[in-house]
Amino acid sequence: MFHVVDTSIFDRPTLDDLCDLTTVVRNLAKSPEGARDLQRLLPTKRAMLYFTQPSTRTFLSMNNACHVLGIRTSEIRDASVSSEVKGETFEDSIRTFSSYVDLIVMRTPDAGYAARAAALMDSIPRPVPIVNAGSGKDQHPTQALLDIYTLERSFENCGGIDGKVIGMMGDLKRGRTVRSLSRLMRHYERVKLVFIAPDGFEMEPDIKAFLTENAIPFTETGRLHDVLPDLDAIYVTRIQSEHDVDSESSGVNLAPFTIGAHELGLLKETAAVMHPLPRGPEIAVEVDQDPRAMYWRQERNGMWMRVALIATIFDLDQEIRELASRNS
Ligand code: NCD
């Protein structure tokens, strides 16, 4: 593994290995000795976090995942303070960052930039890995990894993700998390997807074509209550109003696309309620107390999954497993 631009680089063995390594690092980090062992792995590496679109969780979890492994980080969180305002091209900026660091993690408001950065790296003498931390409306591969890990853990006593019915609700049209997660579903057996969206915010044709090509059954509905009892997981998303062209999200009635106490009553006892966060009104605060609420766990899982991913990029998976067996 070198660049992580989109979900296409993952296959089932890689996903299973990453989930397993995530559990290994989170357990290892529980003891001070284990945490110090992890920190000693990459103290000579440096990472650049280049985030020109707002981020709380992805930025903090990537930053702290680097620190868990001893990697030092620097950041640009606003293109207006980089030389791009002087007219430097995106490619020249990325090449410049790569002169100083060993890893670039990047988030951009538009799609395609992580792919451009990776293509540039592949053409220069000292390439560094590019990790996509969210590319416009298109992809969010590391979020999809932490979502897979959270789903697998939620279903660890009932066969994992295979065979499950997974609902995705909200702004499916412009939500990169549901787009990336849908793509990863092709690596799981007998999964069924149920898309629940307000009119005008349905899943885009490219993802639906991908699911059809990969024989993953999906249905689409605007009626949450009809499908809730069938779901093993419901992945809720907010309306991505930052992508509005013509205030199209201002008129949406979100009430029928919201999880509250009544909806919890319709859900299976074993179901998982997920959300990439930040949330809007689509998950009532009272849901937080329910044992099926998984979104705060997703946050924490995100840091450990990103540790596992970065460790894999730097070829440390075997070494970490050896550290863990010595520590136990
Ligand atoms: C998501 C994103 O940025 O796409 N947030 C995140 O990374 N956890 C979801 C969102 O902003 O709605």
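Read the figures in this text as sums done on the coordinates, not as results from a lab. What you see is a predicted model, and the numbers here were worked out from it, not measured in a lab. No Cβ is skipped: glycine too gets one built from the backbone with ideal geometry, and neighbour counts run over all protein chains shown.
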K192: which lysines have alpha carbons under 21 Å from its alpha carbon, excluding same-chain residues fewer than 8 sequence positions away?
K164, K173, K208, K268
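Evaluate the charge dipole of region 56-148 about its Cα centre and quote only its size in Debye, nearest 20, assuming +1 on the Cβ of each Lys and Arg and -1 on the Cβ of each Asp and Glu. Spell out each step's value before the answer.
Details: 9 positive and 11 negative charges, 36 e Å.
Dipole magnitude for region 56-148 comes out near 180 debye.
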For region 196-299, shape from the Cα gyration tensor axes a ≥ b ≥ c, cut at a/c of 1.5 then a/b versus b/c, turns out oblate
When a/c is below 1.5 the answer is rounded, else prolate if a/b is larger than b/c, else oblate, so apply that to region 51-106 with a ≥ b ≥ c taken from the square roots of the Cα gyration tensor eigenvalues.
oblate
Along Cα→Cβ, 7 Å out, is where each label goes; now give me the distance between the ones at E242 and Q289 in nm to one decimal.
3.3
Could you run the Debye sum over the Cα atoms of region 1-146, one equal point scatterer each and no solvent, and tell me log10 of I(q)/I(0) at q = 0.13, 0.21 Å⁻¹, two decimals?
-0.60, -1.45
Quick one: longest stretch of the chain between exposed loop trypsin sites (Lys or Arg not before Pro), exposed meaning at most 12 other C-beta atoms within 10 Å and loop per DSSP?
41-189
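Go ahead and estimate [θ] at 222 nm for the chain from helices alone: -39,500 (n - 2.57) per DSSP H run with n ≥ 4, summed, over the residue count, rounded to 500.
Values: 12 runs with 129 residues, N = 328.
For the chain, the value works out to -12000 deg cm²/dmol.
From the square roots a ≥ b ≥ c of the eigenvalues of the alpha-carbon gyration tensor of region 240-328, which class results: rounded (a/c under 1.5), prolate (a/b over b/c), or oblate?
Details: a/c = 4.45, a/b = 1.76, b/c = 2.53.
It is oblate, given that a/c is not under 1.5 and a/b is not larger than b/c.
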Using only Cα atoms and rounding to the nearest 10 degrees, what angle (0 to 90) does helix 141-154 make with the longest principal axis of the chain?
60
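If you stretched the chain out fully between E322 and S80, how much longer would it get, using 0.36 nm times the residue separation minus the C-alpha to C-alpha distance?
Values: separation 242, 0.36 × 242 = 87.12 nm, distance 4.44 nm.
Going from the current span to full extension adds 82.7 nm.
Given the chain, report the % of alpha carbon pairs whose separation exceeds 23 Å. Don't skip to the end; give the middle numbers.
Working: 31305 of 53628 pairs.
Taking all Cα-Cα pairs of the chain, the fraction more than 23 Å apart is 58 percent.
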What spacing in nm lies between the two simple spin-label points modelled at A255 and D162, each 7 Å away from Cα in the Cβ direction?
4.4
Packing-based exposure ordering (other Cβ within 10 Å, fewest first) of V191, V25
V191, V25
Using +1 at the Cβ of each Lys and Arg and -1 at the Cβ of each Asp and Glu in the chain, identify which of L228, G112, V128 lies farthest towards the dipole's positive end.
V128
Amide H to amide H under 5 Å from F218: which residues, 5+ apart in sequence or cross-chain, H placed 1.01 Å off N in plane?
L193
Let me have the relative contact order for the chain, percent, based on Cα pairs under 8 Å that are six or more residues apart.
20
